[in-house]
Amino acid sequence: MAYTRGITDVHISKGALWIGSDTYPLRNIAHTSLRELHPDRNAARSRFVRRLIAKVFLLLFGLGLLQASALLGGIVVLVVVAAGIRDYLELQRVLNAPVLYVLQITTSGTPKTALTTDDRNGLEQMFRQLMEAMDNPDIQVHYQMPTYNITGGDHIYQFGDSNTGKVVTP
């Protein structure tokens, strides 16, 4: 999961919720909910340890190869050390990732993630204001929320009515 951070304007006015350029008429909102997205720190640690064990064996192989061929052994050692540094940085990125809070809005279809932020208090305050505005459309509120644009995941294409499986595209 990759994300970029930004600031999004959120307006509640004239019977509508504006999140950036998206508009949700308050009378069409059927359900709203707050969710938490926790980074999978245990999976990251487990993946790091598994990779570390494999790299230790490769490093020992590279060190043994140094005696037979210094160039080839040196290349193996350098590649293993570089891969270990990359894995450590990836582990630190997941361990230091914030818990994200999501505002989901359901209109007539499936729930849609309208806003993702790390500011729990600000999102809860905005959520309460949204609930009040649904009862009283004359309420006007403006927020600037720190938001995250989450990208990544699988792209699933289905053709026909009984296909199973997925095609993953980078």
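Numerical summary
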read-out	value
(i) 33, 17, 14; (ii) 26, 23, 16; (iii) 48, 20, 12, with the label sought being that of the calculated semi-axes √(5λ) of the Cα gyration tensor in Å	(iii)
Span-rule helices in the chain, defined as complete DSSP H runs reaching 15 Å or more along the axis (Cα) with Kyte mean at least 0.5	41-68, 70-95
Projected area, mean over directions - segment 41-95, Cα convex hull, nm²	3.2
Lys/Arg +1, Asp/Glu -1 at C-beta; the chain dipole; positive extreme among Val79, Ser33, Thr113	Val79
Net length gained if the chain between His142 and Arg5 were fully extended (0.36 nm per residue, minus Cα distance)	47.4 nm
Net charge of neighbours whose Cβ lies under 13 Å from the Cβ of Ile19, counting Lys and Arg as +1 and Asp and Glu as -1	-1
Fully extended contour minus Cα-Cα distance, from Asn149 to Thr106, at 0.36 nm per residue	13.6 nm
Calculated on alpha-carbon atoms, Rg and Dmax of segment 1-101 in Å	23.9, 77
Cα convex hull volume per residue for segment 111-153 (Å³)	87
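FYI, it's all coordinate maths here, none of it is from the lab. Worth saying up front: this structure is predicted, and the values here are computed from it rather than measured. Positions of Cβ are backbone-derived with ideal geometry, glycine not excepted, and every protein chain shown enters the neighbour counts.
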